[in-house]
Amino acid sequence: MKRKRFQKVLCFILSVTTLLGFGGVTAGASSDEISYKDYYDPDAPYSASTKEEMQALVGTLSYAEYLDGLYEQRLQYIEDRKTQNFETISYDVLHPVDGTYEIVSGSKDCQDSMSADPDAWVSFNKEENQDKSVYLPAEGSTTWQVTLSAEQAGFYYIKIEYYSVKFDDDISAIERKLKLDNDKTPFKEVSSIKFDRDWAYTYGDFDTVVEEVPGVADSYSVNYELRDTEGQQGYYKIVTEIKGGIKTVKTYRIMQDINGNSMSPQSEPEAKWSTYYVKDSSGYYDGSLEFYFGEGTRSLTLEAIRGSMIVKSIELVPVTGLTTSVVDNQIVINQKSLPSYADTIAQYKANNLYKAPVFDPTANKQQSIRIEAEFPDFVSDSSVAATNDNTSAINYPISHNSQLYNVIGENSYSAVGQWAAYKFQVNETGLYNLGMRFKQDALQGMYICRTIKIHGGHKEGATVRYGQPDGTPEVPFAEAYQAEFNYDKKWQSSFVSMDNTNFLFYFEKGVEYTIYFECSLGTLKEYIQRVEASLEKINSCYLRILQLTGTDPDEYLDYNFISVMPDVLKTLLLEAKELMAVKEGLEALCGTNGSHIATLETIAILLDTMGEDDGMNIAANMATLKSYLGTLGTWINSSKAASMMVDSIWVVPAVQSGDEVVSQGSYLPKAKAGFFKSIWFEILSFISSFFVNYDQMGLTTIPDENTLNIDVWLATGRDQSQIWRTMIDANSKEGFTYNTGTAVSLKLVTGGTLLPSILSRKGPDVYIGLGAADVINYAIREAVLSVGGKAAKEHLDANGNPIFDTTYYSYRDAAGNVVTTPEHRAGEDPVFVSQTFDNHVAGNFAPAAMDTVTLLGSAYGVPQTMSFAMMFYRMDVLANLGLRVPETWQELLTILPVLQTNNMSIGVSYIDALDFMIYQSGQSMWKYTDPEKYDPMYAGARINLDNETVLETFDFTCRLYTDFSFPVAYDASNRFRTGEMPIIIGGYSGIYNTLTVYATEIEGLWEFCSLPGMEREDGTFNYDSLANVSASVILYGCGEDNPEELIASWQFLQWQTGAEAQADYGNRMVALIGPSAKYETANLHAIDKLSWTAKENKAIKNQMAHLSSIVNYPGSYIINRYTQFAFLDAVNESADPIDALSSYIEAINSEIARKREEFKDAGLWVPQSPDDEPPQLGS
Amino acid sequence: MSQKTETNRPVKRSEVSKLRWTWQEMKNNKTAYFMLAPFMLLFIIFTVLPVVLSIFLSLTDFNMLQMPDWRGIDNYMRLFLDDEIFILAIQNTLVFAAITGPVSYILALLVAWFINELPPKIRAVVTLVFYAPSISGNAYLVWKTLFSSDSYGWANAVLIKYGIITEPILWFQDADFVMPLCIVVALWTSLGTAFLSFIAGFQTIDRSMYEAAAVDGIKNRWQELWYITLPTMRPQLMFGAVLAITNSFGFGAVVDALCGFPSVDYAAHTIMHHLSDYGGARYEIGYASAIAVILFVIMFSSNIIIKKLLSKVGE
């Protein structure tokens, strides 16, 4: 006993000094039937785009070019419309001529049952004989046909009535590719059309209180308050409506954790019918897009990119509002489908609606309606969410010691097409302005735009109705496409306006309106589009010059550009003018010249210099041009991001001033906090920053002393940790604590903390995200517990059952407590099932991933993330060169000369290549690893680098860099962006995430697919990539005193790495951080539920079918070191790769032997002499 | 009564034992000890104890996770007899220290001397310029851009432009360049605290001493420097020397950041790297402690040598 205490004390001291010195119900249930092989087909076809597909992409016109090409037809159509009546043409939706679809019943009567349980609805309606619709799954394409007569030939909008559904946790956006006539995309804007989907927030679970108040006049009021009473703490929105003597009180709440921090409300996609006119989702064209349909049979194809949907009708609606005018002796066609604001006002005047609301001063009703922006009723996608901002002391609500959600916006609400919608009513009928308190400090010297859409007045039969009866909102007048919000570093408060005209809207009392604020490019779109077109042209000039001169042109050599490529010089000069014109246009528009606009001038000056003097300055300025191309791309990105923060929206009554109606500025909220108020707030915030307990972030209840509690550590970012916290605490079938009764204290730690904590016995029970190499390092030193294999059988529960080999069922009893027992109770539904490791949990992961956490036949962790290298390619560049995506290394080397003569190259990270090439050659890094030939104790006792095939492969890999001049060091994303490196190979999620945020100007021009393959002897190919795994582990000491704790930790591990939680986590990450936060889950069953497009999903699964891994046997750290030394010797000193590598083999083997000697007691075999060979099994 | 008379008489040092005398002295100066205590406590816990512990650990096979076993001098035996890389590391460290230590020391001294001659306002600015590299954290990473292995790296781009090379040089991944580059970077960052203390030293020298020396027959500025300036600022020189030694022996993180770990072919592998290699990647704290002890001994002895050398200044 005494000795034990001494050991503990000693351990503690040692750990301190070393620290100082070195500075779903069920987790596994879904996997029962499907094995890795069934799911990931190694023989699936290569997923890369074909040459034809890539060329089609490059040849596609833009919408403007498409319309220009149809100039004659449009003039004819305008003439025809004068004499002839065009009618709407319908496709026979229920009878597609081709493709994947399913006919279901989809009448409106079924809406309710459908939103309650979509799965049940589909099966139910397949039998019922009701109005039919067609269900389009998330994969495949469907084609319809219609025949037009000669008279019907003309211009049409495409109108689609669809139902956005929620099937199988498929929360991704609905995206389709539209093809017309012979499978051709008419113009590139419709190569991806996005169908809106409403996401509704659920704020707490409150009942609506209905009360009879006879005789009280109708009124509507909204109030906001913070409550801190125990059990009710939160931020409330209370809407009180009195109508016809009935008082309805609706309460919404943003919940708070025990420290008063706001917690994200849940949002779910609404299932409902909507009407969609095919429009441009890139934001360059307002309104619906026109399509020309000539005489004959016309086909229409919807090809799935992501998301499933139900379609009820597809109609061609004749285009209206086309007029002609003459400009510079040319007939110009104008499109005007919406009335202007002036028209709208004129109409109000004509209908006697042009009047301000009149309030009875004694009635005491809310005159202006305040809508706190953090309470949106609907949003376009779950990433549009409320957030906290403490930059102004008068943001409401605000607290100096906690983070309260008080604004919406910033980066998560800035992409074109994202919107937030708010419901409101007014107390008197008349004209209103919309006011807003906001902060737009993103685009210096420029304004950003929002499109205002309104819906309402259909149910109530109001005089002025907004939007479609089915709930689709509409833009009330043309100017509402571009409400402007000016730049200011500070908070502002102003009316929604354009060109200083404050928009007036006619609202009637007792009518519920929904107002949408959608991010748009507004008046800037023309300029951004021009810059984008310019960038494209300059980039192609850059690539052309590059093809002649290479990346480092000789300043003193006369390349004679003027005669070789006069057109390039001309383009450079033209684009210089164009950029200057854009710059001037923007300045005129914004009235200022901020640094953001000035960037264009700098670039224009450079282009001008390069284009002049017969191109004599081109060579000297190539490097600058390259960096400016990047700058221009970034300029476009930031201009497109219409980012601002909104604190509150105000519906402010206008006032009558004679015959005119004027806006009432005094009703607007205060924009900035007073000086002393701000200072005082800052001081309080500073002081309280010392007392915030970040460990408790998101905790809603202080854990009861008596409940089982496990410690979980993770070393990620705060966002990630908060997401796990929320998921653990969720009071639903997905939550952990709710279903197992085990409380979790989750701690965010820094990376190096785990090691010393283990020694001092202050460590956690579970650690999330331990690298595979460390799992083995810890395992062999007995610091983590085995969860599978024979070593795991030693962990017994109170009844003597091996914990990891027993199925435990958790049942909720009548009192709501959860009981976990190994007995299966017939007739009762368990809330959580803890599976056995070997038979169930392991099946969730690729065998390659499991190998990396396995030592001597026992598994020591459950994989959490898994990354691997894949190949990214630029479709436009390859198509322009007439190349296809190389499927094998041989093919890659055949296209290499084509790329190199054009001064392009291929980027392969040598650190990755040195390893995966060995596995592609069918060999392993280690000797004696084949479990069928050798006992696990021999695995990894020697390095396999002296194998002949391995040496040859190593030689081949080195020659890629020496003989074939692959660059060794390069900035992959930058070169990929400029097109200099049209093919790069590297970790898939990392590159994907970088390109998504960083290179938006090449969005849609690149894809990724499996690695090129290496030919086997039998003529087939090996496409293997290497899995890089991090795992969740149970630490030594867990369950020592109480086996229950170990069972709980094991349950946690299963829950956390299970398909449900992993998919949920990945989707929440994307929702929180944006599309660049793709999560590389290791769980095979979670991949389908993450928001990859169908094609990306296929590519990832394709590579997942071809995975190997390097197991970290003792001494593994030495291998990469020496292979890289040998590689660099070959590259730097032109050493023979085989000789260089061979010279290190002895050093590697002796280090491995030395390291294994250390763990001899653990059962590792150590070769005693160079000839010492382990015995083979069965011999 | 007799006792009283005895205490009244001052106690002589020879009358009591050494221990008792010390205790008496400590009691008399208890305020001083009391004020020293917080620092001493922290110093002992965080500096002395780890040093002592690492000497103890160097005789075990501690691996950070399990209880250590006693190994005697096995670690030292292996270190000197069976570890080629360690011998290489010692070699690298000595080369590195022999160049960067004296050069950076002399450089700091000379620069400080020159700067001292400048008018005060300009001096303040120039001091900042020279001192900036060592205070601005990871500023040495500019060298990574400068000597990037990418063909777009500055050095490579310039060399390719003038046709000196055709393929980019992998500067920090090429065994031929690693050590010289690291030495250059080390010198660049070396004008640190020592340099400041030299400037301070120059400032404290009493001007009248120069006048007196001039009367006594000093012939030139060099003599002035050698006979008056340097001897007067010996404490600063010592301080600077200690810093130069520790810096040149402990120069590790910068190499890691620039060349990666380990540097190619162990070309810039110093004792510090060897230490973190075993302490980190291999979980062999016992062995790493042995390396640390050796490093400690080397630093300590070079300190003594420097002290001896410095006492010769001005003679």
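The values are calculated or read from the model by the stated rules, or taken from the named source; none is laboratory data. Every value quoted in this text rests on a predicted model; they were computed, and no experiment measured them. Note: ideal-geometry Cβ built from the backbone for every residue, glycine included; neighbour counts use all protein chains shown.
Of everything in the range A:602-624 that is surrounded by 16 or more Cβ atoms within 10 Å (Cβ to Cβ) and modelled with pLDDT of 85 or more, the residue that is nearest to the chain's Cα centre (by Cα) is A:Ile603.
For the range B:142-160, the criterion of a residue being assigned to a loop (DSSP other than H, G, I, E, B) and more than 14 Å from chain A (Cβ to nearest Cβ) is satisfied by no position. Residues of the range A:431-484 that are of a type in the set (Asp, Glu) and crowded, with 20+ Cβ neighbours inside 10 Å: A:Glu479, A:Glu484. May I ask you to verify whether B:Val95 is within 14 Å of chain A (Cβ to nearest Cβ) and assigned to a helix (DSSP H, G or I)? In short, no. What residue, of B:Tyr162, B:Tyr152, is surrounded by fewer than 19 Cβ atoms within 10 Å (Cβ to Cβ) and hydroxyl-bearing (Ser, Thr, Tyr)? On inspection, the qualifying residue turns out to be B:Tyr162. Candidates A:Asp876, A:Asp955: the one that is away from every other protein chain (no Cβ under 14 Å), surrounded by fewer than 22 Cβ atoms within 10 Å (Cβ to Cβ) and modelled with pLDDT of 90 or more is A:Asp955.
Hey, any hits in the range A:557-565 for a residue that's in contact with a Lys or Arg (Cβ under 8 Å, 6 or more places away or on another chain) and either within 14 Å of chain B (Cβ to nearest Cβ) or crowded, with 22+ Cβ neighbours inside 10 Å (or both)? No, because not a single residue in the range A:557-565 is in contact with a Lys or Arg (Cβ under 8 Å, 6 or more places away or on another chain) and either within 14 Å of chain B (Cβ to nearest Cβ) or crowded, with 22+ Cβ neighbours inside 10 Å (or both).
Elements of the type helices (runs of 4 or more DSSP H) sitting completely within the range A:839-945 and holding at least 1 residues that are outside the structural domain of A:Glu782 (by TED's automatic domain parsing): these cover A:875-880, A:889-901, A:910-920. Residues that are aromatic (Phe, Trp, Tyr) and more than 15 Å from the chain's Cα centre (by Cα) were ranked within the range B:189-211; the one that is farthest from B:Leu243 (Cα to Cα) is B:Tyr210.
Considered as a group, the residues in the range B:222-267 that are assigned to a loop (DSSP other than H, G, I, E, B) and either under 30 Å from A:Ala969 (Cα atoms) or under 9 Å from the mean Cα position of the chain (by Cα) (or both) include one that is nearest to the other protein chains (Cβ to nearest Cβ), and that residue is B:Pro262.
Scanning the range A:1020-1035 for residues that are crowded, with 18+ Cβ neighbours inside 10 Å and in a loop (DSSP other than H, G, I, E, B) yields A:Tyr1023, A:Asp1024, A:Ala1027. Has the range A:1138-1158 got any residue that is out of contact with any strand residue (DSSP E or B) (no Cβ under 6 Å at 6 or more places or on another chain) and part of a loop (DSSP other than H, G, I, E, B)? There is no residue in the range A:1138-1158 that is out of contact with any strand residue (DSSP E or B) (no Cβ under 6 Å at 6 or more places or on another chain) and part of a loop (DSSP other than H, G, I, E, B).
Evaluation of B:Tyr283 against the conditions (1) within 11 Å of chain A (Cβ to nearest Cβ); (2) assigned to a helix (DSSP H, G or I) shows that the sole unmet condition is (2). Of all residues in the range A:777-804, those satisfying the criterion of being among the aliphatic types (A, V, I, L, M) and within 11 Å of chain B (Cβ to nearest Cβ) are A:Ala779, A:Ile780, A:Ala783, A:Val784. For the range A:1012-1031, check the following and say yes or no: at least one residue is within 30 Å of A:Ala859 (Cβ to Cβ), aromatic (Phe, Trp, Tyr) and at pLDDT 90 or above. Yes: the range A:1012-1031 contains one or more residues that are within 30 Å of A:Ala859 (Cβ to Cβ), aromatic (Phe, Trp, Tyr) and at pLDDT 90 or above.
The lone criterion from (1) within 14 Å of chain A (Cβ to nearest Cβ); (2) touching a helix residue (DSSP H, G or I) at 6+ places or on another chain (Cβ under 9 Å); (3) loosely packed, with under 14 Cβ neighbours inside 10 Å left unmet by B:Thr204 is number (1). For the range A:1037-1067, the set of residues classified as modelled with pLDDT of 90 or more and either outside any helix (DSSP H, G or I) or over 23 Å from A:Tyr738 (Cβ atoms) (or both) consists of A:Gly1058 only. Of the residues making up the range A:218-233, those that are assigned to a loop (DSSP other than H, G, I, E, B) and either of a type in the set (Asp, Glu) or surrounded by fewer than 11 Cβ atoms within 10 Å (Cβ to Cβ) (or both) are A:Asp218, A:Asp228, A:Thr229, A:Glu230, A:Gly231.
Of everything in the range A:761-776 that is small (Gly, Ala, Ser) and within 11 Å of another protein chain (Cβ to nearest Cβ), the residue that is nearest to A:Thr854 (Cα to Cα) is A:Ala773. Here A:Ser30 meets each of (1) touching a His at 6+ places or on another chain (Cβ under 6 Å); (2) at pLDDT 90 or above with one exception, condition (2). Looking at A:Ser383, A:Ser337, A:Ser412, just one residue is within 30 Å of A:Gly294 (Cβ to Cβ) and among the hydroxyl-bearing types (Ser, Thr, Tyr), and that residue is A:Ser337. Please tell me if A:Glu1017 is surrounded by fewer than 20 Cβ atoms within 10 Å (Cβ to Cβ) and either out of contact with any Lys or Arg (no Cβ under 9 Å at 6 or more places or on another chain) or of a type in the set (Ser, Thr, Tyr) (or both). Yes.
Residue-wise test of (1) at pLDDT 85 or above; (2) at positive phi.
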position: B:Gly217; (1), (2): no, yes
position: B:Leu237; (1), (2): yes, no
position: B:Ala244; (1), (2): no, no
position: B:Phe249; (1), (2): no, no
position: B:His269; (1), (2): yes, no
position: B:Gly280; (1), (2): no, no
position: B:Tyr283; (1), (2): yes, yes
position: B:Tyr287; (1), (2): yes, no
position: B:Val293; (1), (2): yes, no
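For A:Lys793, the test of being in a helix (DSSP H, G or I) and among the basic types (Lys, Arg) is passed.
Taking the criterion of being within 14 Å of chain A (Cβ to nearest Cβ) and loosely packed, with under 14 Cβ neighbours inside 10 Å, the residues of the range B:57-76 that qualify are B:Met67, B:Asp69, B:Trp70. Limited to the range A:981-1010, what total is found for residues that are under 16 Å from the mean Cα position of the chain (by Cα) and assigned to a loop (DSSP other than H, G, I, E, B)? The qualifying residues number 3. Within the range A:817-825, is there a residue that is assigned by TED's automatic domain parsing to the domain that holds A:Tyr860, of a type in the set (Lys, Arg) and farther than 22 Å from A:Asn1042 by Cα? Within the range A:817-825, one or more residues are assigned by TED's automatic domain parsing to the domain that holds A:Tyr860, of a type in the set (Lys, Arg) and farther than 22 Å from A:Asn1042 by Cα.
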